[in-house]
Amino acid sequence: MSKQLQALEVNRRGALKVGIGALASLAVGETILLHPGEAAAQPARPPRRPNVRGTPKVPHNYKRARKITSVCLNCSTVCGIVGYVDNGKLIKIGGNPEDPNNGKMLCAKGQAGVVISTYPERLLYPLKRVGRRGQGTWRRITWEEAYADIAKRVRACIDAGHPEHVAIHIGRSRLADIMGRFLNAIGSPVLLNHRALCSLNKRAANYATIGDVDWESVDAERCKYLLNFGSNFYEAHQGAIHFLKRVIKGRYDNGCKLVTFDVRLSNTAGRSDEWHAPFPGTEGAVALALANTIVADGNFDRDFMTTWTNTTVDALSAFLKPYTPEWAEKLSGISAGDIRRIARAFIRERPRCAAFTNRGSHAHYNGFNNDRAVILLNALAGSINQPGGYCYAESAEIPDHLFPMPAPVPAAPKIRTDLEDPPEWPLANRWQKMRVGQIVYAYLKQKRARLQVYFTYTLASPTTWPEGRSLAVEVLRDEKLIPFHVCSDVVYSETAHYADLILPDATYLERWGLDARNNYELRTYATLRQPLVPPPAECVNFADVLIQVGKRLGPEVSRYFDFRNYEDFVRLRCRQLPKGDSADGFAYMKRHGVYHNTSEPRSYDLFKRPLTKAQLDGSRTDPQTGIISKRNARGVEEAIGITMNAQALRGFKTPSRKFEVHSQTVAQAAARVKIDDDGWPHYVPIPAHQNLPEDRFILTTFKWNVHTQGRTAPQKYLTEIVHDNPMWINAATARRLGIRTGDTVEVTTYRPRGRTFDPTGQRIGSARIRAFVTEGIHPRVFAVSNSLGHLFGGRSAAARRGPRAEGPGFDPKILSEDADLTTNLWWSQADGGKGAGFNVNAILPIQPAPITGMQAWFDTVCSIRKV
Amino acid sequence: MPRYAMALDLERCTGCHACSVACKVENQVPLGNFRTKVYYYDEGRFPQTRRLFLPVVCMQCADAPCLRACPNKAISRGNDLIVRIDQNACRGNGACEDACPYGAIYVDPQRNLADKCDFCSHRLEAGMEPACVETCPGGTIIFGDLNDPKSPISQFQATHRRELTVLKPEEKADPQVQYRGLTRELERKVPKGRNHDPRSYEIETWATLEASFDRPEGGSHE
């Protein structure tokens, strides 16, 4: 125990308890100090004990165990699961065979999640801050006190006429229905998220081009050629397992080729038929050069291009003319010969071919156009919604018509704030409210927006935000900028450390919720998350917290929360669902875990579907464009289809009802922020990368197959596999710099340039990290994974072996101690292990891409020095 | 009596570790020990680099070195072809761990019992597949009853018989688990004896073919 901790304990005359371990035994009114602990030095491994009778283990009893369906939430992929519960204990998780996406298959994260319910370092009781914020002293309180305190502060904002001073900031919550309801009911639009740190540009590119959905479902099983621009779906893509299992079938049962562009040898790149490492952010240049070759050759789907896109072949040809393979070679380093060869191999398989993206392509300054250029390749191949092509179902979300919100439904507020709708990035909220989450703390600091009550949920901003350990923590710590911070979390996290109230959350294995994502079977579907086990002690699902607070905010708010709890709310949402083989829709969902309408045809040719008589009733057709429009339920006229060869068809959900190569929406949005953009998916050079000196490199980040960004490190079986993240350096570069694996290097990062936040090119900071020399990375790129470098989160995350904490122990009646953490954990540095890794986000700048706001994660310029 | 067998079709492996983690949860395997482990190797020079994976389980050897090494006769091979450790006869001696050419056995530090893959025998009894087989996203792990010509393993063997090989045939243990698409050098990643060293971090071994913590036979824990 440190002197500081001892002093505090003495000062409080024994009334102060110390450490995570003390939480469980904390009585109401007692105070606790939480602080990152020190490594406990113990021998590395117990010696053998030959000829001693052992303690047999009892294998899981599947004949006795009860099976309960639910949905994983150990990443955002939304896999159906089956939990096996024996004697009240969750013993195992498997895939739900009825789930159309993953079936019986789960990844390592899905398998490992079983331990989070009984993690000995879980938060078990509501805690209220005592002393300075961030000091780590806490008093256990009752839920009634917590609800009353929150309700009083929220009510004060409503009464002051500033409901927008209440914000909810979420990570991967999957509780949008109840959070939206809560904020709408009180009149605040400030639901903040992390989409701009995740997938904004990819979604925006799909919306701008196709319009119907933000996420494609490539029909990989029937595909013959996959062109992958920066997706690591073997490890981390949203929907990874769903896509991966189909790609494996496509490749090895159907002869599909996989070509991957990625600066780093991910598992996907390392197992592709071809791996090409372009210079970071030149993916769009390569895609345009592929398109250039295809159009110059004249072998493409002329019919689709002429009929279904909003441009002509001549105009497209003129647009592509400067983007030759030779031009792209100079920027990307991919040879013109390879570009031509790949273009021809790809288009030869049309329409059974698809080009798709993820962060490697879109998390750049120019990522929005990179992705639009890639999607264009599918139009040239005529593979849009064709078997084996670039497909999408009607929706990639929970279908509202099947799961309607319980009445009365509060209307969305009309006010806006710079925090949730920053005017600098006009496309961030254009199609869905994707926000620009990475500027939230900067804008609070600049007082461009004010907050009184800040709820955080599944949010790890101090570790997962760019400049998290500096700016995010500085603002979170400041009681003037954030007067009241309520954090709901499962473990004592870095976010919780800077809260005023900590609410012990129910894990995804202990709570209700509806969930869905893109269905690769191309039909309507949704899933139900239900508790496999009850939450321990006083843990409560955050959705129920909002309902309880809503009930305490007076009649004009509480009328929207006229149900017992969130389970009731979810039951009400299922009331119109067909009951199938069960008593009602809710019972059906509880039994099967998933609603999947297998009688519905797959959504191939969705855009060619004729509009029905009912749809056409009361519509009008524009004689010039053929666009069919109609007043919607709110009385606003909106496009519903397009007349094509005298037939009224659905078309694409874009303004032109066609596949938009050129986008007026983009041109207009750019003009609003005085950016010159003609609406074509041009290649945009990244300002900070121009004339890059020889001694400057690009620092990129990545995810492991066993971790999400910030919330899996407490799970011991995952962290056992990956707990340290040395910096990847290309072997030739390392030779030149005299660096070998295991050497410590100092990396210094610089701010971006151009139309982004704080574009000064100035130094941000330096950090020391160990090197990992590899043949699997571009010579001008260094890579450090995210997900690691935790200070809190318990022994697994923080790499500490030993007793639960430096405190008075814990209550084994609630969560018993785990010999793995006391004795077997082997990555503690005190034992000679590698430790908990390194938080790279701390030295990455906030850099929202122009117009859209997506964080340009993979653009950071850096320099390096061997220490 | 079924005759169980397994094959691993390596081209379908994505190195995802789902098998390894599913196994740990299923069989309550303590940290620092593995019944199922996935090795990585990066082959070739940039930009012609590719990544190879090698998932390793107990090979259920017909002439098992572990069985021969056990002084307590705690290890036996059943008529179902599964090699099992009798928890009541084991005395934590560790000779089996040292003898295994595949690093497939560990001694549980709390229970003081040797433990290894037994194809999730308790799941087989409940009519289920082994945990790794069920969860594998690529369909890499093929399993079933050799007596049943329709079982996945029988069909796989019938289709790919000539492409199948075993790990370290020179050990003459007659391993029953087979591989398709094995790059021979990868065998060197698989340590003899203990399969885990707390001072070796797997990621840092991707560029090498050596098992960085090979222990001599009969060696003891530090």
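The values are calculated or read from the model by the stated rules, or taken from the named source; none is laboratory data. Small disclaimer: the values here were computed from a predicted structure and weren't measured. Neighbour counts are summed over all protein chains in view; Cβ atoms, including those assigned to glycine, are modelled from backbone coordinates with ideal geometry. When the accessible area is computed, the model is the full protein with side chains, heavy atoms only, and any ligands, DNA or RNA have been set aside. Shrake-Rupley method; radii C 1.70, N 1.55, O 1.52, S 1.80 Å.
Results, tabulated for the structure shown:
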| read-out | value |
| --- | --- |
| 0 to 90° range, to nearest 10: angle between helix A:176-186 axis and chain A longest Cα axis | 80 degrees |
| Calculated over the protein assembly as shown: convex hull of Cα atoms, volume per residue (Å³) | 170 Å³ |
| For the stretch B:107-118, 3J(HN,Hα) per residue [Karplus equation, 6.51 cos²θ - 1.76 cosθ + 1.60, θ = phi - 60°, Hz, x = Gly/Pro] | 9, 5, x, 7, 7, 6, 10, 6, 8, 6, 4, 10 |
| Nonlocal amide H pairs with residue A:485, under 5 Å, H built at 1.01 Å | A:454, A:500, A:501 |
| For the stretch B:98-104, Karplus couplings with θ = phi - 60° (6.51, -1.76, 1.60), whole Hz, Gly/Pro x | 5, 7, 5, x, 10, x, 9 |
| Protection proxy ranking, peptides A:322-335, A:612-625, average beta carbon neighbours within 10 Å, highest first | A:322-335, A:612-625 |
| Total formal charge among the other residues, if their Cβ is under 13 angstrom from that of residue A:525, Lys/Arg +1 and Asp/Glu -1 | -4 |
| Beta bridges per DSSP with both ends in chain B, % antiparallel, nearest 5 | 90 percent |
| Amide proton proximity set for residue A:640, modelled H, under 5 Å, gap of 5+ | A:628, A:629, A:630 |
| The stretch B:1-117: translational diffusion in µm²/s, Stokes-Einstein, Kirkwood Rh over Cα pairs, 20 °C, 1.002 mPa s | 138 µm²/s |
| Ranked packing of A:214-226, A:437-449, most packed first, by mean Cβ within 10 Å | A:214-226, A:437-449 |
| Whole-Hz ³J(HN,Hα) from phi, Karplus 6.51 cos²θ - 1.76 cosθ + 1.60, for the stretch A:848-856, glycine and proline x | x, 5, x, 6, 8, x, 4, 5, 7 |
| Accessible surface ranking that places the most exposed of A:401, A:497 first, with a 1.4 angstrom probe | A:401, A:497 |
| Residues in the stretch A:267-308 that a label on residue A:608 would reach, taking backbone N under 11 Å of a point 7 Å out along Cα→Cβ | A:304 |
| Chain B: most fluctuating residue of B:132, B:19, B:90 per GNM, C-alpha cutoff 10 Å | B:90 |
| Residue A:763 long-range amide H proximity, modeled H, under 5 Å | A:751 |
| Rough spin-label spacing in nm, given labels placed 7 Å along Cα→Cβ, for residue A:142 and residue A:407 | 3.8 nm |
| Prolate/oblate/rounded call for the stretch A:739-867, Cα gyration tensor, a/c under 1.5 rounded | prolate |
| For residues of A:713-724, the mean tally of beta carbons on other chains within 10 Å | 4 |
| Computed log₁₀ I(q)/I(0) - Debye formula, equal Cα scatterers, no solvent, the stretch A:546-696, q 0.10, 0.19 Å⁻¹ | -0.78, -1.09 |
| Averaged over A:66-79, number of beta-carbon atoms from partner chains that fall within 10 Å | 0 |
| For residue A:777, solvent-accessible area (1.4 Å; no DNA, RNA or ligand), Å² | 0 Å² |
| Probe 1.4 Å, accessible area per residue of the protein assembly as shown, Å² | 34 Å² |
| Alpha-carbon centroids, the stretch B:66-101 and the stretch A:359-434: separation in whole Å | 57 Å |
| Sites residue A:822 and residue A:58, calculated FRET efficiency, Cβ-Cβ separation with R0 22 Å, nearest 0.05 | 0.55 |
| Sum of side-chain charges, residue A:561 neighbourhood, beta-carbon under 12 Å (Lys, Arg +1; Asp, Glu -1) | +1 |
| Shape of the stretch A:366-476, Cα gyration tensor, a/c cut at 1.5 | oblate |
| Given charges at Cβ of Lys, Arg, Asp, Glu: chain A dipole, positive-most of A:318, A:446, A:774 | A:774 |
| Unit charges on C-beta of K, R, D, E only; dipole of chain A, Debye | 1400 debye |
| For the stretch A:437-517, the spread of Cα positions along each principal axis, largest first, Å | 39, 29, 21 |
| Angle between chain A longest axis and helix A:240-254 axis [Cα atoms, degrees, rounded to 10] | 50 degrees |
| Cα long-axis angle, helix A:542-551 against chain A (0 to 90 degrees, to the nearest 10) | 80 degrees |
| Cross-link pairs beyond the 28 Å C-alpha cut-off, checked among A:63/A:104; A:67/A:245; A:813/B:37; A:63/A:703; A:202/A:447 | A:813/B:37; A:63/A:703; A:202/A:447 |
| Positive minus negative residues near residue A:390 (Lys, Arg vs Asp, Glu; Cβ under 10 Å) | -2 |
| Cβ crowding within 10 Å averaged over residues, with A:113-125, B:149-161 ranked highest first | A:113-125, B:149-161 |
| Relative contact order computed over the stretch A:610-649 (Cα-Cα under 8 Å; 6+ residues apart), in percent | 35 percent |
| At R0 = 60 Å, FRET efficiency that the Cβ-Cβ distance of residue B:148 and residue A:51 yields, to 0.05 | 0.90 |
| Modelled FRET efficiency - R0 45 Å, residue A:479 with residue A:737, Cβ distances, 0.05 increments | 0.50 |
| Average other protein chain Cβ within 10 Å of Cβ, residues B:197-205 | 6 |
